[in-house]
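The structure appears below as structure tokens.
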Amino acid sequence: MDRVLLIEDDDIIGEMICMYLKEEDFLVLRSHNGQEGLAALHEFEPDLILLDLNLPDFEGIELCTSLRNITPVPIIIISSNSRVSEKIEAFTVGADDYLVKPFSMHEMKARIQALLRRFKLGHPTETPKLQADHEVTVPATDLNINLEKRTLYVRGESIEMTFSEFELIRLLYEHPERVYRREDLINALRGFDSYINDRAIDVHITNLRRKIEVNPKEPKYIKTVWGVGYKFVM
């Protein structure tokens with residue numbers, strides 16, 4: 001049974017979501033504020049988090065950042081704010097999806113199931129022994145990418161990434177020197193990221209450079225091709 005942590009202070013919305021998800025065979029724990037949510041994260045060990053951005057004790061984006069620094073599980077923002085800038089900021093700090101209130105419970109369930117499927121594919125509980133892991137090391141560099149386990153090590157250190165960030169680095173790595181237009185990258189990620197656009201691509205690239213480059217301002221691996229897009233250089 002999948003475990004969902006709901007961080008929502010509105011009693012009506014909170015109870016509706018809890019009731020619906022329980023009827024759909026999810027195990028649900030509701031926290032009424034950010035402090036409760038952070039405490040529940042360790043005790044409840046959810047498979048997915050539903051996070052309201054308007055909480056009494058936490059600024060929602062700040063809490064999303066804190067949660068992402070602690071856990072890799074999918075985070076869905078639920079908010080009455082429909083501004084594109086708010087959505088982009090949420091994705092920038094690690095949210096995986098964004099639902100605008102009021103929303104359909106059926107749509108929420110579908111998005112939860114889609115994120116859980118993708119997350120479980122990337123984080124299997126057991127690694128099959130039938131064949132060697134598809135592990136690739138960029139020659140004479142500090143990057144080590146395991147495509148089956150969806151892990152990335154930079155100079156020996158494990159790097160936490162969102163689902164979309166890994167899909168982006170995987171695509172670039174598998175086609176070195178190929179120049180991808182932003183439109184190409186948007187189309188590649190559209191099935192994983194509901195609100196992907198030019199700005200979101202640039203944000204993902206910036207975040208990846210911070211994680212893998214020695215000097216993000218002078219990138220060695222992810223190069224900008226001015227006026228076109230990006231490419232991966234070995």
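The values are calculated or read from the model by the stated rules, or taken from the named source; none is laboratory data. All figures in this text were calculated on a predicted structure; none of them were measured in a lab. Cβ placement follows ideal geometry from the backbone for every residue including glycine, while neighbour counts extend to all protein chains displayed.
Things worth noting here:
- Strands (runs of 3 or more DSSP E) lying entirely in segment 135-225 (those with 2 or more residues that are surrounded by 13 or more Cβ atoms within 10 Å (Cβ to Cβ), β-branched (V, I, T) and at pLDDT 80 or above): 151-154, 222-225
- Of the residues contained in segment 109-131, one or more are found to be exposed (fewer than 11 other Cβ atoms within 10 Å of the Cβ), outside any strand (DSSP E or B), charged (D, E, K, R) and modelled with pLDDT under 80.
- Failed item, numbered, when V4 is tested on (1) of a type in the set (A, V, I, L, M); (2) modelled with pLDDT under 90; (3) touching a Leu at 6+ places or on another chain (Cβ under 9 Å): (2)
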